[in-house]
1. Counting just the residues of segment A:112-157 that are acidic (Asp, Glu) and not in a loop (DSSP other than H, G, I, E, B), which one comes out surrounded by the fewest Cβ atoms within 10 Å (Cβ to Cβ)?
2. Among the candidates A:Leu43, A:Leu55, single out the residue that is in a loop (DSSP other than H, G, I, E, B), within 13 Å of the ligand (Cβ to nearest atom), over 30 Å from B:Ala196 (Cβ atoms) and among the aliphatic types (A, V, I, L, M).
3. Give the number of residues within segment B:126-158 that are under 25 Å from B:Arg180 (Cα atoms), among the hydrophobic types (A, V, I, L, M, F, W, C) and touching a strand residue (DSSP E or B) at 6+ places or on another chain (Cβ under 9 Å).
4. Within segment B:99-115, work out how many residues are part of a helix (DSSP H, G or I) and free of Cβ contacts under 8 Å to residues at least 40 places away in the same chain.
5. Counting only residues that are open to solvent by less than 50 Å² (accessible area, probe 1.4 Å) and outside any helix (DSSP H, G or I), which one in segment A:248-288 is modelled with the lowest pLDDT?
6. Hey, among the residues in segment A:229-242 that are away from the ligand (no atom under 16 Å from the Cβ) and among the aliphatic types (A, V, I, L, M), which one's surrounded by the most Cβ atoms within 10 Å (Cβ to Cβ)?
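The values are calculated or read from the model by the stated rules, or taken from the named source; none is laboratory data. Since the structure is predicted, the reported quantities are computational estimates derived from the model, not experimental observations. Methodologically, a virtual Cβ is constructed for each residue, glycine included, from the backbone with ideal geometry; neighbour enumeration extends over all protein chains shown. Protein only, heavy atoms only, side chains kept; ligands, DNA and RNA dropped before computing areas. Shrake-Rupley method; radii C 1.70, N 1.55, O 1.52, S 1.80 Å.
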Amino acid sequence: MGLEELFNVVKVRLNGNDEEKTEKDDSAVRVPDNMLFKCPRCLNVIMTEELEKNLRVCPECGYHARLTAPERISLIADKDSFSEFDADMLSANPIDFPDYAEKQQKLRESTGLKDAVITGECTIRGEKCVIGVMDSRYMMASMGSVVGEKITRAFEYATENRLPIILFTASGGARMQEGIVSLMQMAKTSGAAARHSDAGLLYITVMTDPTTGGVTASFASLGDIIIAEPKVLIGFAGRRVIEGTIKQRLPDDFQSAEFMLEHGFADMIVERKSMRRTIAHILKLHKTGGNA
Amino acid sequence: MEKLNKLTPYERLEVVRHKGRPTIRDYIPLIFDEFWEMHGDRLYGDDGAIMGGIASISGIPVTVIAEVKGRNINENKDSNFAMPHPEGYRKALRLAKQAEKFHRPVICFIDTPGAFCGVEAEKRGQGEAIARNLMEFMRLRTPVISVVLGEGGSGGALALGVCDELAVLENSIYSVISPRGFASILWKDAGREKEACSIMKITAEDMLELGVAEKIIEEPFGGAHNDISQTAENIGEFLYKTLHKKMKIDIDVLLNERYTKFRKIGEFIE
Ligand SMILES: [Zn+2]
């Protein structure tokens, strides 16, 4: 399938089946200057229209720019197959952080999201699975109670129903506004991943831009198969923190998908246009295994 | 009965960063009958920021895994100011698996500003190393007890903190990021460290209230440094009691309780 053709399929999906999409204007939240996109990897400036036509992949360097969670689901799941879990879960304010509630209210309005992850069940080329997609528009997809709880429940549902789970990760790390409670979500989600694994079930991680901090240091790194999108940022510590320590600029490919592959922390790098096909094949190959 | 020496969160931060704050090296000879240090992760190297070995407490063999703060500049050079690299966490996991094999309980001592942030740490998979520990400790088929001795900094602390029971020394702190980092990221002003301390909920009492810890271990008036033997005795007593309690529980029941302990943490509305 050619790219243009694929884009049309995506466009049909995006416009066709998404209740999530109806109430918001994506272009308004993505970049203030919505005509142009500056690639964070190669620094070339390209027309947003060009980027959209290319599945939001930089035509100059192949950097896979961020997608919204609804866009991602449309791109991966069979049409009309997705049903969402815990759609109304909202975060509380465990350490009474000032303005936390207000900030979130604004984000809910501008993104149409309730928090930084959407989870649910779907089919991918007919294969049933649990899927979770993080959305960096919402507080840089940091993990607080809601993200931790929804990911944990997604694992538990997959374990109970003997389903594979696919998580598209993106995160700035722990949700600091929730203090120590956010740190504990790392243990909670990793524990749920352990139980799913003990049941002999398949967990695929797809690391997207940016996968960092406490999410890298918990469930994102625990997939049986770890896929990364080309050129995306993946790491544990913040680049600036490290640069501050060593007092020198780090190379451009530091903490990239390619860096992770080279050092043995990702199984494969898969382009967006092949992601759905790749995942469908991997799911099929795991169909007969896994008797607990 | 409210004690008179309750310190503010910021004062506690100062206490745990106090030069004389006892470290694991002070405590080990006071708490354990014997201790045999074991080195290396069998994969890359031996990280001085995490020490581990086999010990005995009142006759019970246990595996001890601890983050090591230095008491002087030379010790800190060796232990990297208690900021572990991936090989430190992997050594911890290796020793924990060894303990599991021989049905020894594991005792972890947490005392770190956080996992080390550097080029080599990234290359060797700092994120993966911590993640792996969280997953494997959650299903480790032997009792795990953790104690925060001073600073419990972020994922670098949690990597030794997935346990059946967590105790926190009275003046210790446990946090998602250092108060300074918190202020600098959320308010773009590292100078507001004190204010960060007061709202972050980092004290031992906060940990009990939030369900993160089960026990506060009392410190002598003014802090652990004022009477190291007394502090060690308090820690030892807690460990001995808790070991007896946890060793009696069927391992599958214990693993369910461990999972549930973390499963419950989180505040949301639905
Ligand atoms: Zn580019």
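1. Initially, segment A:112-157 is screened for residues acidic (Asp, Glu), giving A:115, A:121, A:127, A:135, A:149, A:156.
Filter once more, keeping what is not in a loop (DSSP other than H, G, I, E, B): A:121, A:127, A:149, A:156.
Details: A:Glu121: 20, A:Glu127: 18, A:Glu149: 25, A:Glu156: 15.
Only one residue tops the list, namely A:Glu156.
2. On inspection, the qualifying residue turns out to be A:Leu43.
3. Residues flagged as under 25 Å from B:Arg180 (Cα atoms), among the hydrophobic types (A, V, I, L, M, F, W, C) and touching a strand residue (DSSP E or B) at 6+ places or on another chain (Cβ under 9 Å) within segment B:126-158 amount to 5.
4. Taking segment B:99-115 as the starting set, the residues that turn out to be part of a helix (DSSP H, G or I) are B:99-101.
Then keep just the ones that are free of Cβ contacts under 8 Å to residues at least 40 places away in the same chain; that gives B:101.
Matching residues across segment B:99-115 total 1.
5. Within segment A:248-288, the match that is modelled with the lowest pLDDT is A:Leu250.
6. The initial filter retains those residues of segment A:229-242 that are away from the ligand (no atom under 16 Å from the Cβ), namely A:234-242.
Okay, now just the ones that are also among the aliphatic types (A, V, I, L, M), so A:234, A:237, A:241-242.
Numbers: A:Ile234: 29, A:Ala237: 24, A:Val241: 11, A:Ile242: 21.
Within segment A:229-242, the match that is surrounded by the most Cβ atoms within 10 Å (Cβ to Cβ) is A:Ile234.
Rundown of residues vs (1) among the polar types (S, T, N, Q); (2) open to solvent by less than 40 Å² (accessible area, probe 1.4 Å); (3) assigned to a helix (DSSP H, G or I); (4) more than 10 Å from chain A (Cβ to nearest Cβ), yes/no style:
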residue: B:Arg180; (1), (2), (3), (4): no, no, yes, yes
residue: B:Leu208; (1), (2), (3), (4): no, no, yes, yes
residue: B:Glu219; (1), (2), (3), (4): no, yes, no, yes
residue: B:Ile249; (1), (2), (3), (4): no, no, no, yes
residue: B:Asp252; (1), (2), (3), (4): no, no, yes, yes
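For (1) in a helix (DSSP H, G or I); (2) open to solvent by 10 Å² or more (accessible area, probe 1.4 Å); (3) within 14 Å of chain B (Cβ to nearest Cβ); (4) modelled with pLDDT under 95, each residue gets a yes or a no:
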{"site": "A:Thr169", "(1), (2), (3), (4)": "no, no, yes, no"}
{"site": "A:Met186", "(1), (2), (3), (4)": "yes, no, yes, no"}
{"site": "A:Ser190", "(1), (2), (3), (4)": "yes, no, yes, no"}
{"site": "A:Ala193", "(1), (2), (3), (4)": "yes, no, yes, no"}
{"site": "A:Ile204", "(1), (2), (3), (4)": "no, no, no, no"}
{"site": "A:Met207", "(1), (2), (3), (4)": "no, no, yes, no"}
